[in-house]
Amino acid sequence: MNGGKDLAEVAKLFLKLGFISFGGPAAHIAMMEDEVVRKRKWITPEHFLDLIGATNLIPGPNSTEMTMHCGHERAGVKGLFVAGFCFILPAVVITAVFAWLYQLYGQLPEVEPYIYGIKPAVIAIIVGAIYALGKKALKSVQLGMVGAVVLIVTLLGISEIAALLGAGVAGILLYLIRNSGQQTARGLLPYTLLHVAGSSLADISQLKLFWIFLKVGAVLYRSGYVLFALLDGELVATGILTRQQLIDAVAVGQFTPGPVLSTATFIGWQIGGLPGALLATLGIFLPSFFFVLLLNPLIPRMRNSGLMAAFLNHVNVASVAVIVAVAVTMSRDTLTDWRTIVIAVVSLAVTFGYKKLNSAFIVGGGALLGYILTLL
């Protein structure tokens, strides 16, 4: 049995990814696809797409949940927990250091010069993943048309969840039209979106702090502005945190590697020191482990059902379209001068010219090139 060896491989890979995964969920998933599908072949491209599609439909941080799925595929339930823990750990530790410094000095250090070149390099990694995943997802002209519609409506501001579910429902309807008389709705993945009740705490206890972040982790779809809105309602509106503290916390989550939900570590530290940081972190990530543990065994059964296979096929192509929309938005915000364009072009050339090169080198190369170009 290679259980111990497999667990060690899972731990090593996702600890590394935890340190180099900049750029948000789309970039994290692109790096995972490169590592577990193309390089290590732990998962087939088709199954990896199924995992992305299904993960997009449950609450929690998508990229973190994808690490758990990948760990489960390689080393079972133990691998699920090891992969998730190792991916989260670097972000939590780095964020905790920033939280401690912030508590001491009341402001964040200037980090922009150090990450200037990382963003355009990350765009190149995302484009590489879009190319690889898109080849597998585009199985027919119909799926291509669905992907195009999802891309357009996402760029116009429609919720990604609404677009993904709409694509899945379209797939089911088209399947039923083609196979009228056969109804196999078993295996359909239900999910419940709980309402987050506002807290009116003047003096927050450690248990209540844990409960707030557990609720947020259980209902959070996507991240960024959604996370900001939920935490604003739970913490700022109730006087537990100032809005500036929340803005600084989200900023730390954005410019550190790994999941943006490490924001919880920063906030927990400001409210309750090290114990508060640990409880907030545990609370916001714990639901994801639970959801993935329940979801992972269902995905092969969904694929074996004709009805649910149609659902997954359409959600998968919609997921690729959503990643394309993220890349377009990131490019619009990031490629603002000749330096960032040069970094993006060089990174693209390396990504497609040296497909076996570890994405860590592309991230590191982008950072180094960005630093050099800012000196000009």
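The values are calculated or read from the model by the stated rules, or taken from the named source; none is laboratory data. None of the values given here were measured: they were computed from a predicted structure. Virtual Cβ from ideal backbone geometry, glycine too; neighbours counted across all protein chains shown. Ligands, DNA and RNA are excluded from the accessible area calculation, which covers all protein heavy atoms including side chains. Shrake-Rupley method; radii C 1.70, N 1.55, O 1.52, S 1.80 Å.
The table for this structure:
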item: Spatially near lysine pairs across the stretch 1-102, Cα under 17 Å, sequence gap of 8 or more or different chains; result: 7
item: L220 long-range amide H proximity, modeled H, under 5 Å; result: G60
item: Ellipticity estimate at 222 nm from DSSP helix runs (n ≥ 4, -39,500 (n - 2.57)) divided over the chain, nearest 500; result: -24500 deg cm²/dmol
item: Cα gyration tensor, the stretch 273-376 - rounded (a/c under 1.5), prolate or oblate; result: oblate
item: Accessible surface of the stretch 1-82, 1.4 Å probe, proportion on carbon and sulfur as whole %; result: 62
item: GNM result for the chain, Cα springs below 10 Å: residue of A148, A280, A310 fluctuating most strongly; result: A148
item: Ordering of 281-290, 64-73, 134-143, 28-37 by burial proxy (mean other Cβ atoms within 10 Å per residue, highest first); result: 64-73, 28-37, 281-290, 134-143
item: Solvent-accessible area of V320 with every protein chain in place, 1.4 Å probe, in Å² to the nearest 10; result: 20
item: Normalised contact order of the stretch 259-316, rounded percent, pairs of Cα under 8 Å and 6 or more residues apart; result: 20
item: Coordinate range along principal axes, alpha carbons of the stretch 1-70, Å, largest first; result: 34, 26, 22
item: Contact order relative to length of the chain, as percent, for alpha carbon pairs under 8 angstrom and 6 or more apart; result: 31
item: Of all accessible heavy-atom area on the stretch 326-376, the percent that carbon and sulfur account for (1.4 Å); result: 72
item: L241 long-range amide H proximity, modeled H, under 5 Å; result: V236
item: J(HN,Hα) series, the stretch 132-144, from Karplus relation 6.51 cos²θ - 1.76 cosθ + 1.60, nearest Hz, glycine and proline x; result: 5, 6, x, 4, 7, 6, 7, 8, 7, 4, 4, 5, x
item: Accessible area per residue in Å² at 1.4 Å probe, computed on the chain; result: 45
item: Highest-MSF residue in the chain out of A327, A237, A91 [GNM, Cα springs under 10 Å]; result: A237
